[in-house]
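Some notes on the structure that comes next.
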């Protein structure tokens, strides 16, 4: 799949991969960067998940939005993208943007300055976030790529989606390792959830049935220092 | 002893009402001295602690004050106001409550007492609970969790207004856990409802009875204690250590070498109770025994992971004396009917002298007859430990753990519970909480932070005011903000956290999980173990060798298999560390060659070889050996402080050694020793004092190094999860849905990471660190050891491995390596792919 081009060296811990012929850097922090397009994609930020749960009496620490934005700030500083696509479920619920602490709002707006910012609508946040710049879209086609929140049931070449929060598990030497991952078969890519409080679902779960060509499915597992490309045969359910 | 019965008889006439005396006489019994003494103490208005061995008639003693009082009460006339609960009985086990109902019912019926007795446990149907609220029994038998629920009900004060006594059974086992903390707070609440409330604690022998005496009464004024009655004596148990014909292994825990000898003991006795320390050992021993069970004797298996129905069947068979032997993990796992056990076999070292005494106490119901017990050490160090425990048991030494301060997570749960019951004043509740012994030293700022935590999470970032669970109203009272909070509280009450586990269910071999609905459930196995299995792997469980067929939702499917290399599930937390007392006894024994005569010859020889090749540690010294082996350099230390403290020490020492350039590669810890291996020659480094051993073992390792290591440690994450669940930060259960263990695990780990980086001083992190220090890390014990060995480190730089080092060296590579599953495993997997794909 990968085009045989002279590649620039990806940043430490990142790997080049191909999606429908487009070249992307698969970053261990859970973002995709398309150097030719100067485009950064991030998925399932689930901002204000903490306060969303707090409304129902579960008072988990209110620092998730801050933590998520700090990590986002770091990748944006590294890649300096011209375009940022937030692939849906950017906020944990429709009222999330309105509840956001003013300091976090300012930090987020600061990140948006000087770039095109797209909020792809997700199931948690179908409408545009309140009082925030950026353009809200159902889906977005750029080059041979199609960015949407939920992966389509039928195979779409070049689709980049989120929603499922993929993780993968392997067993080595009698020990089990589970990590968030990018899941891709060369044609389609499903991104890991980026938010600080987001859980994950194994790529072998029934929810992914029919989304990938099994034989070329790879899980790009997020390590502490780098990405680990693990083939389908080594993956375990659970 | 001879005078006591006569004295008791005289006193009995004074304190026991006539119908009771007649009943005793009809039975041909006479009341025991301690039963009358306890009755007299209670009649004088005092709370009391009764310490007595099994079979001393503790239960009847505990209920005599209630029964005699209830017997003298005028009958209730029709139309008269209802009478509330008179006596509350609390035990750690549901089964025990049920059993007491049966046993107490008998004398009540025979004496003809107008007393109603009922149980209330998690299994009690809702309509019966409702009825109990309207028409309470005189005596209610229940568990700590049910008490917490009762006091969180809006009618609690009225429900308990007639309460006279609280009887607390198995107090020694209750007080050492968070359940005990919650119970102590519940008691404090009951005392505030009924100021004259009397408590009666029933306990096995403990090291510090005064701690329990304080626990039973209000600590306002500070230091108050319940009266104490101690029943000594009972026949001295006949304990021996198996003097095996076989070679005692250097290392390992299976005691497989002794199987034929254990089997012949089973054949020689009527019923044998075999205790082991872990569930894994239970599975192994059971398999081994059946392998040699030529006479197909009825030998059964019993541990806490087995299906309840299966356990009940085994207990029933045991009660009917239909079994010849039972392999069991702990007395608390077992039900109550003991049958005629005439031999206790303890496989593996007992790890504590008190534990040994309590287990052996199970062998015989009649305290006047000696119990018979055999200890089977699984390896050579355990021979030393068994010998030390045996000497201690004869001396009556006690080494139950000291009580720790009450957990703040438990307090948070209680505060919310109190608010669910009735609005509270912070000042009043603070004073009330401090009457509970575990919280006697709680300071006001900490209490206020706990209340703040319950209200809004207690975060520095004040974002959740509008979502507060409890609110301070104008009248100065804290109130629950809405009824849903109370409903959620009731679903999450208690301090017992279950490890994520899956049902193990039979299906036909080779069939796909989805194709068949499956057969019966064998029990539950921890998810962490199942995750390491692949389709087709075999493992031992429920006394069978099983084939892993797959996981579907909350079930693990298995089929029967033949397996020689079957794995044994590893159960976390099932293993007790060596007690401080026993550790010291082992050190003393090593230091005293005269005492080696009592040891089996092969073990004494081993120690003599050690004296010859290296040196034996003096009782207060720390021996450290260094030697090369293969292309590695080894450091072996012998602190004898238990596995948990050694693991912590190992983590900290490897960090330090790494900084000094020793290039450590790994370590392994047992109850007795710690081994670290490295690339650099540590022996030479120590001799050149770069670093010196006293620098390396300096107490300051418990400062920054500990903090730094702890921060990212999985141990702390696991502890945090428990604190988060108990404190009510995260719900164990939500109305209408049960969270699976994994969902909770994932989220608490993420929450931990976020909280630690944004508010490291948050009260829940404080509670987590305090727990870890006494629990999984055993920092307190490590601290004592580091201070004890200052200036007393003995270094032996050897050419080769010493005899004493052999056991721990054999553990290298055998023990499961704990810790975060790290990236190196991912690296291995990724490399395999690269190689296979030819992209490397």
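The values are calculated or read from the model by the stated rules, or taken from the named source; none is laboratory data. These numbers come from a predicted model, not from an experiment. Here Cβ is always computed from backbone atoms with ideal geometry, including for glycine, and neighbour counts include all displayed protein chains.
Points to keep in mind about this one:
- Residue check, residue A:93 closer than 20 Å to residue A:131 by Cα, assigned to a loop (DSSP other than H, G, I, E, B) and modelled with pLDDT of 95 or more: no
- Considering (1) within 14 Å of chain B (Cβ to nearest Cβ); (2) without any contact (Cβ under 8 Å) to a residue 24 or more places away in the chain, the lone condition that residue A:96 does not fulfil carries the number (2).
- Yes/no for residue B:638 being within 26 Å of residue B:588 (Cα to Cα), over 25 Å from the mean Cα position of the chain (by Cα) and surrounded by 19 or more Cβ atoms within 10 Å (Cβ to Cβ): yes
- Within region B:78-92, tally of residues that are part of a loop (DSSP other than H, G, I, E, B) and either in contact (Cβ under 8 Å) with a residue 60 or more places away in the chain or under 27 Å from residue B:23 (Cα atoms) (or both): 6
- All positions within region A:45-65 that are closer than 13 Å to residue B:750 by Cβ and either within 8 Å of chain B (Cβ to nearest Cβ) or buried (at least 24 other Cβ atoms within 10 Å of the Cβ) (or both): A:46, A:49, A:50, A:60, A:61, A:63, A:64
- Residue count for region A:35-58, restricted to those that are within 17 Å of the chain's Cα centre (by Cα) and outside any loop (DSSP other than H, G, I, E, B): 6.
- Qualifying residue in region B:479-494 (condition: more than 14 Å from chain A (Cβ to nearest Cβ), within 31 Å of the chain's Cα centre (by Cα) and surrounded by 14 or more Cβ atoms within 10 Å (Cβ to Cβ)): yes
- Subset of region A:160-177 [surrounded by fewer than 21 Cβ atoms within 10 Å (Cβ to Cβ) and either in contact with a helix residue (DSSP H, G or I) (Cβ under 6 Å, 6 or more places away or on another chain) or more than 12 Å from residue A:230 (Cα to Cα) (or both)]: A:172, A:173, A:174, A:175, A:176
- Among the conditions (1) modelled with pLDDT of 90 or more; (2) in contact with a helix residue (DSSP H, G or I) (Cβ under 9 Å, 6 or more places away or on another chain), residue B:135 misses just one, which is (2).
- Residue within region B:282-300 that is free of Cβ contacts under 8 Å to residues at least 60 places away in the same chain, over 29 Å from the mean Cα position of the chain (by Cα) and on the phi > 0 side of the Ramachandran plot present: yes
- Residue within region B:625-633 that is surrounded by 19 or more Cβ atoms within 10 Å (Cβ to Cβ) and closer than 21 Å to residue B:786 by Cα present: yes
- Criterion violated by residue A:70 - all others in (1) in contact (Cβ under 8 Å) with a residue 40 or more places away in the chain; (2) within 14 Å of chain B (Cβ to nearest Cβ); (3) over 29 Å from residue B:412 (Cα atoms) satisfied: (1)
- Here the helices (runs of 4 or more DSSP H) wholly within region B:407-507 that include at least 1 residues being farther than 22 Å from residue B:732 by Cβ and not assigned by TED's automatic domain parsing to the domain that holds residue B:538 are B:426-434, B:444-456.
- Residue count for region A:151-183, restricted to those that are in contact with a strand residue (DSSP E or B) (Cβ under 8 Å, 6 or more places away or on another chain), over 13 Å from residue A:201 (Cβ atoms) and either more than 14 Å from chain B (Cβ to nearest Cβ) or in a loop (DSSP other than H, G, I, E, B) (or both): 6
Every residue, every condition in (1) within 14 Å of chain A (Cβ to nearest Cβ); (2) buried (at least 19 other Cβ atoms within 10 Å of the Cβ); (3) part of a helix (DSSP H, G or I), yes or no:
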| position | (1), (2), (3) |
| --- | --- |
| B:750 | yes, yes, yes |
| B:757 | yes, no, yes |
| B:761 | yes, no, no |
| B:764 | yes, yes, yes |
| B:768 | yes, yes, yes |
| B:772 | no, yes, yes |
| B:782 | no, yes, yes |
| B:800 | no, no, no |
| B:806 | no, no, yes |
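- Sole exception among (1) in contact with a helix residue (DSSP H, G or I) (Cβ under 7 Å, 6 or more places away or on another chain); (2) modelled with pLDDT under 90 for residue A:195, by number: (2)
- Extreme residue, nearest to residue A:122 (Cα to Cα), among residues of region A:190-223 that are within 13 Å of chain B (Cβ to nearest Cβ) and part of a helix (DSSP H, G or I): A:206
- Index of the failed condition, residue B:95 passing every other in (1) part of a helix (DSSP H, G or I); (2) over 34 Å from the mean Cα position of the chain (by Cα): (2)
- Residue B:547 being surrounded by 19 or more Cβ atoms within 10 Å (Cβ to Cβ), at pLDDT 85 or above and in a helix (DSSP H, G or I): no
- Region A:224-238, residues that are in a helix (DSSP H, G or I), surrounded by 17 or more Cβ atoms within 10 Å (Cβ to Cβ) and more than 7 Å from chain B (Cβ to nearest Cβ): A:232
- Selection status of residue B:105, closer than 23 Å to residue B:76 by Cα and surrounded by fewer than 18 Cβ atoms within 10 Å (Cβ to Cβ): yes
- Given (1) surrounded by fewer than 20 Cβ atoms within 10 Å (Cβ to Cβ); (2) under 24 Å from the mean Cα position of the chain (by Cα), number of the condition residue B:431 does not satisfy: (2)
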